[in-house]
Structure formats: structure tokens, C-alpha cells
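Reading through the C-alpha cells given below for one structure.
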Amino acid sequence: MKKTWGGRFQKATDPQVEAFTESISFDHRLGPFDIEGSIAHVKTLVKAKLLTAVEGKKLVAGLQKVKKLLAAGKLPLDSSLEDIHTAVEKALTRLVGPLGGKLHTGRSRNDQVATDMRLYLRHAVIEAVEAATGLVDVLSKLASEEKDTLMPGYTHLQRAMPVTLGHHLAAYAFMLIRDIDRFLTAWDRADALPLGSGALAGTNHPFDREFTAKQLKFSSVAMNSLDAVSDRDGFVDFLAAAATTQMHLSRLSEDLILWATQEFGYIEMDDAFATGSSLMPQKKNPDVAELVRGKTGRVFANLIGLLTVLKGLPLSYNRDLQEDKHFVFDTVDTVVGSLKTMTGFISTLKFKREKMEAAADQDLTLLATDLADILVLEGLPFRQAHEVVGQVVRHCIEHGKRLQDLSEYEFQSFSKVFPKDTASHLSGHQSVERKAAIGGTSPKNVAAQAELLKKQVVLIKKHLSQLRGK
């Protein structure tokens with residue numbers, strides 16, 4: 001097939017080169033965005049009097065027919081067409097005749113693909129934010145429901161202090177709120193129109209780029225044509241946001257994988273979100289969480305991959321930039337899929353509250369910090385209180401006793417500062433109730449956190465509605 005750029009060439013493209021350089025096998029998902037950009041370009045051409053109003057209407061009608069062919073899976077996507085931009089233009093020309101050749105007036109594939117990718121990025125941001133919001137919604141509801149459920153909190157994977165399950169789950173919800181903000185920043189970073197920048201130097205025609213931007217609902221136009229055709233910062237921002245999100249999901253997965261073990265036994269997975277073993281009939285495996293954890297490597301690699309492509313590029317456009325799509329498309333699919341699947345996984349979990357509470361209640365020394373704070377309230381400097389309680393802890397371990405089961409005599413054998421009713425102040429529920437300062441694990445605080453998260457979800461959904469209107 002004749003190339004759109006073949007005028008100065010005397011030989012056909014070598015089949016190996018054609019196969020190596022084509023991008024239509026993966027950039028076809030830009031089709032709807034390419035058509036959207038082309039319709040805006042047609043209107044700009046009409047405004048610049050480079051097309052008549054009649055020609056403009058005919059081209060727009062033709063592009064809308066091409067859009068229907070694409071949606072129906074009937075648009076030819078042969079590799080000889082090179083890319084989706086050429087495929088759309090060729091299909092349009094078949095429909096409207098030689099007039100289709102006027103579509104590309106004043107436009108390069110360089111500013112065309114930069115525009116298509118930014119339009120696609122909007123779609124990707126909405127998908128990612130919507131999926132993350134769904135998981136925040138589930139986590140915030142569970143945080144509210146589990147605000148009183150006692151469990152051990154951990155540092156270094158060692159039991160540290162009592163917390164509530166609701167507090168633990170809310171922590172991940174707040175991480176995702178930050179992730180959503182990062183995705184929205186990627187939208188803002190790419191909210192300037194590249195179209196009209198030409199191949200690198202701008203256009204010779206009197207284009208009203210602000211008019212074009214308004215058609216495509218960009219907030220502004222890119223102010224430097226060299227920068228516009230080679231800028232991929234918005235995609236770096238998106239991949240960085242996705243990498244952070246996937247890292248948070250991986251941390252959540254790790255907790256859930258541990259909790260699903262018999263050693264922890266804190267959760268029971270729904271059969272619909274677990275898998276078995278081809279050899280061992282008894283197995284019920286947390287494959288969803290493990291795959292989310294494993295896919296994190298792909299998302300990290302995509303970010304590094306794009307940064308590596310960009311790091312040595314001179315201005316302006318270079319064909320290396322074709323590779324950006326692999327990284328972006330795969331990341332969108334991976335992070336959105338991970339968020340949605342994790343939402344289903346968590347929403348169907350059964351939490352073994354008795355097992356969690358027993359782990360917190362039966363631990364010999366989980367209330368050591370609370371015990372030290374009792375001494376502090378009696379006037380003992382914290383460092384001295386820490387030393388005294390360390391000795392009490394050693395005594396409990398040696399004698400297999402819980403701190404709360406020690407007698408008044410035992411407490412006072414370590415320090416006369418201990419009040420007579422020390423043991424009565426030591427329980428897991430009292431411990432979390434005392435964490436009443438903002439951000440602590442008290443049930444009242446967790447309820448406030450859940451309420452804040454729910455309000456954030458409402459605001460994000462409202463913002464998403466506004467973005468969909470752009």
C-alpha cells in the first residue's frame with residue numbers, strides 16, 4: 001500500500017522494516033481519540049478558510065462513519081497501514097473521495113499523536129480514579145463496620161500494640177486517596193493542546209488554536225511547538241501515579257496473604273476470589289493478592305522503561321516515542337484491573353474477628369507501652385518507665401504470664417510507683433480507647449476517619465462527573 005510519506009522514495013518498504021516499524025497492532029486503541037481530534041481539526045480548517053463549510057460537513061460526516069466502523073470492528077487495521085492515524089485517513093478517503101486528502105492540511109503525525117495520547121490519557125485517568133474510588137469506598141465502609149474489632153498491630157512483622165481492624169483498613173484507603181490525587185495531577189499536566197504545533201515548528205496556516213482547544217476541551221494550548229510534539233511528561237506522571245498505587249496494592253496484598261495463612265488465620269477468602277491446587281485438594285490460595293503483588297514489577301518496569309526512552313532524546317520528535325504506548329497501555333490495563341479485582345476480593349472477605357481479638361488478648365506483652373504510660377501518668381520519666389516495664393516484660397515471658405494477669409505484689413516488686421489497680425487498666429479495648437488523639441486507633445477516631453473517607457469519595461465522584469463532561 002502506498003505510504004502517506006512515499007513521494008520522495010523510489011523503493012517499497014522492506015517487509016521486515018514494515019513489520020518492525022508498524023504500530024497499528026497496538027495503537028489502534030487510539031482510534032476514537034484520533035477521530036475526535038480530526039473532527040476538531042476539520043472545524044479549525046473551516047475557520048481558517050482552508051476548507052469550505054460544505055467540505056467540512058462532508059469530512060465530519062465521513063469521520064463519524066469511520067468511528068462507527070471502528071466501533072463495529074469493521075475498520076481495516078492491516079499492518080501495511082502503519083498506524084491508526086493512517087488507517088483512519090485511508091478509510092475516510094474511501095468514503096469521501098479525494099476530499100479526504102485535505103484532512104491532514106497543516107497537521108503532522110507528530111502533533112496528531114501527541115494530541116491523541118493526551119485525549120487517551122484523560123480516559124485513562126478517569127478509569128484509574130474510578131477504580132481507585134471503588135476500592136476506597138469498600139475500605140471506608142469496612143473501616144466503619146470494624147472500628148471496634150481488636151487485632152494486634154505490627155512493626156517489623158512483630159506484634160507491637162493493639163489496634164482495630166477498621167484502623168488498619170482505613171490506612172490503605174488514605175493511601176489510595178493520595179494516589180487519586182496523583183492521577184488527577186497527571187490530567188492537569190497534559191491539559192494543553194499540542195495540535196497546531198505541526199511537525200516541530202508550528203504551522204504556516206492561520207489556525208485558531210484556542211478554538212481547537214475549546215473543541216477538544218483542553219484548558220490551554222501548548223506554547224512551544226518543539227516541546228509540544230516531544231513532551232510525554234503527563235504520561236510519566238500517570239505511570240508514576242500508577243507505580244505508587246500498585247505499590248500500595250502490593251502492600252495490602254502482602255497483609256492479606258499473611259492473614260490468609262493458617263499461622264495468622266485472620267480472614268477467609270470467598271471461593272469466587274480464590275484458586276486451588278492441581279495436586280493438593282485441600283489448598284485454597286490467595287492468587288488474586290499474589291498476582292496484584294507480582295504485577296507491581298510490570299508497572300514499575302513500565303515507568304522506568306518510559307523514562308529510559310525519554311532520557312536521551314534531542315528535540316524534537318523522534319520515532320523512539322512510538323514506544324510510549326506499550327508502557328502506557330499496559331500500565332492502564334494492569335493498574336485498573338488490579339484495583340477492580342482487589343475491590344471484589346476485599347468486599348467478599350470474611351474477617352475472623354474472634355481470632356484477631358484472641359491474638360491481641362492472649363499476647364503476653366502487647367500492652368507493654370500502655371503499662372509504661374501508667375507509670376508516666378504517676379510521674380515517672382518515660383525512660384525510667386521504659387526500663388522498668390522491660391524488666392516486667394522479661395518476667396512475663398519467663399513465667400508465661402500476660403501483663404494484665406500480674407498481681408499487685410508482682411507489679412510493685414518492680415516499682416512502687418505502680419498503682420494498686422494497675423491490672424484493671426490493662427486490656428486491649430482500653431488500650432485502643434486511650435488512643436483518642438486525632439489519627440489514633442480509638443473506635444471514635446476510626447469512625448471519624450471512615451466518615452472523612454466517605455466524604456472524600458463523594459467529592460471525587462463529583463469531580464469525576466465534571467471530568468467526564470470535558
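The values are calculated or read from the model by the stated rules, or taken from the named source; none is laboratory data. Predicted model only: the values in this text are computed from it and were never measured. Glycine also receives a Cβ, built like all others from the backbone with ideal geometry; neighbour counts cover every protein chain displayed. Just the protein is used for accessible areas: all its heavy atoms, side chains included, with ligands, DNA and RNA removed. Shrake-Rupley method; radii C 1.70, N 1.55, O 1.52, S 1.80 Å.
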Test of understanding: among K420, K470, K416, which residue is closer than 30 Å to M175 by Cβ and open to solvent by 90 Å² or more (accessible area, probe 1.4 Å)? K470
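Does F273 satisfy the condition of being aromatic (F, W, Y), touching a helix residue (DSSP H, G or I) at 6+ places or on another chain (Cβ under 6 Å) and open to solvent by 60 Å² or more (accessible area, probe 1.4 Å)?
Numbers: aromatic (F, W, Y): yes; touching a helix residue (DSSP H, G or I) at 6+ places or on another chain (Cβ under 6 Å): yes; open to solvent by 60 Å² or more (accessible area, probe 1.4 Å): no.
Considered against the rule, which asks whether it is aromatic (F, W, Y), touching a helix residue (DSSP H, G or I) at 6+ places or on another chain (Cβ under 6 Å) and open to solvent by 60 Å² or more (accessible area, probe 1.4 Å), F273 comes out as no.
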G439 is checked against (1) open to solvent by 60 Å² or more (accessible area, probe 1.4 Å); (2) free of Cβ contacts under 8 Å to residues at least 40 places away in the same chain and fails just one. What number does that condition carry? (1)
Any residue that is at pLDDT below 95 and either farther than 30 Å from S431 by Cα or open to solvent by 30 Å² or more (accessible area, probe 1.4 Å) (or both) - is there at least one of those in region 190-200? yes
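Here is a list: E398, E410. Which entry is assigned to a helix (DSSP H, G or I), over 30 Å from W187 (Cβ atoms) and open to solvent by less than 60 Å² (accessible area, probe 1.4 Å)?
Details: E398 fails: open to solvent by less than 60 Å² (accessible area, probe 1.4 Å).
Just a single option satisfies the conditions, and that option is E410.
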List the helices (runs of 4 or more DSSP H) inside region 278-384, counting only whole elements, that have at least 3 residues being under 34 Å from the mean Cα position of the chain (by Cα), modelled with pLDDT of 95 or more and under 30 Å from L135 (Cβ atoms). 287-311, 324-347, 353-362
Based on what the data block shows, is L139 open to solvent by less than 30 Å² (accessible area, probe 1.4 Å) and out of contact with any His (no Cβ under 7 Å at 6 or more places or on another chain)? yes
How many residues are in contact with an Asp or Glu (Cβ under 9 Å, 6 or more places away or on another chain), open to solvent by 30 Å² or more (accessible area, probe 1.4 Å) and in a helix (DSSP H, G or I) when one looks only at region 151-187? 4
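Quick one: which residue in G428, G390 is within 28 Å of A171 (Cα to Cα), small (G, A, S) and either open to solvent by less than 70 Å² (accessible area, probe 1.4 Å) or modelled with pLDDT of 95 or more (or both)? Give the derivation first.
Details: G390 fails: within 28 Å of A171 (Cα to Cα).
The match here is G428.
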